[in-house]
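Trainee: First the structure, then my questions, so here it is.
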Amino acid sequence: QVQLVESGGGLVQAGGSLRLSCVASGLTFSSRAMGWFRQAPGKEREFVAALSWSGASAFYADFGKGRFTISRDNAKNTVNLQMYSLEPEDTAVYYCAARPRYSSAVQIGAYDSWGQGTQVTVSS
């Protein structure tokens, strides 16, 4: 059974930073591409960042470029999302997800395993 467990969310002031982590089990992590999505109240879930199975290719939503960094540690079955310069608009539940290695990085439908999410709240 695949499990993705996120951690690291919390309350932070605007301009602050957070580091989200996701630990995966029940899958061959090193052969899976990983991604982060977020969902704000009343809005659809949206793509945040993705990383290829090897870690060689990263993709970011426009709002995350220059502020967010995705990384992975295949030895620890972990994918991380480092977020800097957070804004109130970044407030959302952040989800970790896994997809087959050669599928689309940004399409939500390409991801077949999801975590339960971790809340990020940015105060102004």
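The values are calculated or read from the model by the stated rules, or taken from the named source; none is laboratory data. These numbers come from a predicted model, not from an experiment. Backbone-built Cβ (ideal geometry, glycine too); neighbour counts: all protein chains shown. Heads up: the accessible areas ignore ligands, DNA and RNA and are worked out on the full protein's heavy atoms, side chains in. Shrake-Rupley method; radii C 1.70, N 1.55, O 1.52, S 1.80 Å.
Trainee: Looking at (1) surrounded by fewer than 21 Cβ atoms within 10 Å (Cβ to Cβ); (2) under 19 Å from residue 120 (Cα atoms); (3) at pLDDT 95 or above, which one does residue 3 not meet, given that it meets all the others?
Mentor: Only one criterion in (1) surrounded by fewer than 21 Cβ atoms within 10 Å (Cβ to Cβ); (2) under 19 Å from residue 120 (Cα atoms); (3) at pLDDT 95 or above is unmet by residue 3, namely (2).
Trainee: Of all residues in the range 45-76 being touching a helix residue (DSSP H, G or I) at 6+ places or on another chain (Cβ under 6 Å) and within 20 Å of residue 25 (Cβ to Cβ), which is surrounded by the fewest Cβ atoms within 10 Å (Cβ to Cβ)?
Mentor: 74
Here is a yes/no grid of residues against (1) touching a Gly at 6+ places or on another chain (Cβ under 9 Å); (2) closer than 18 Å to residue 7 by Cβ:
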site: 35; (1), (2): no, yes
site: 49; (1), (2): yes, yes
site: 76; (1), (2): no, yes
site: 83; (1), (2): yes, yes
site: 89; (1), (2): no, no
site: 99; (1), (2): yes, no
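Trainee: Residues of the range 21-44 being buried (at least 16 other Cβ atoms within 10 Å of the Cβ) and of a type outside the set (Phe, Trp, Tyr), which ones?
Mentor: Within the range 21-44, 21, 22, 23, 24, 27, 32, 33, 34, 35, 38 qualify.
Trainee: Here is a further query. Being closer than 24 Å to residue 15 by Cβ and of a type in the set (Gly, Ala, Ser) is true for just one of 50, 105, 33, 58. Which residue is that?
Mentor: Working: 50 fails: closer than 24 Å to residue 15 by Cβ; 105 fails: closer than 24 Å to residue 15 by Cβ; 33 fails: closer than 24 Å to residue 15 by Cβ.
Sole residue among the options that is closer than 24 Å to residue 15 by Cβ and of a type in the set (Gly, Ala, Ser): 58.
Trainee: Condition first: surrounded by fewer than 16 Cβ atoms within 10 Å (Cβ to Cβ) and among the polar types (S, T, N, Q). Now tell me which residues in the range 83-92 satisfy that. Write out each step before concluding.
Mentor: Keep residues of the range 83-92 that are surrounded by fewer than 16 Cβ atoms within 10 Å (Cβ to Cβ), which gives 84-85, 87-89.
If the condition is that a residue be surrounded by fewer than 16 Cβ atoms within 10 Å (Cβ to Cβ) and among the polar types (S, T, N, Q), then 85 is the only one that fits.
Trainee: Continuing with this model, one more query. Inside the range 62-76, can you point out the residues that are over 13 Å from residue 47 (Cα atoms) and more than 13 Å from the chain's Cα centre (by Cα)?
Mentor: The initial filter retains those residues of the range 62-76 that are over 13 Å from residue 47 (Cα atoms), namely 66-67, 69, 71-76.
Those that are over 13 Å from residue 47 (Cα atoms) and more than 13 Å from the chain's Cα centre (by Cα): 66, 67, 73, 74, 75, 76.
Trainee: Another question, then. Pairs please, first residue from the range 112-124 and within 10 Å of residue 13 (Cβ to Cβ) and at pLDDT 95 or above, second anywhere and open to solvent by less than 40 Å² (accessible area, probe 1.4 Å) and among the acidic types (Asp, Glu), Cβ atoms under 8 Å, 6+ apart in sequence or on different chains.
Mentor: From the range 112-124, the pairs are 122/90.
Trainee: Say whether the condition of being of a type outside the set (A, V, I, L, M), without any contact (Cβ under 8 Å) to a residue 40 or more places away in the chain, more than 23 Å from residue 15 (Cα to Cα) and out of contact with any strand residue (DSSP E or B) (no Cβ under 9 Å at 6 or more places or on another chain) is met by at least one residue in the range 68-85.
Mentor: Checked against the condition, which is being of a type outside the set (A, V, I, L, M), without any contact (Cβ under 8 Å) to a residue 40 or more places away in the chain, more than 23 Å from residue 15 (Cα to Cα) and out of contact with any strand residue (DSSP E or B) (no Cβ under 9 Å at 6 or more places or on another chain), the range 68-85 yields no hits at all.
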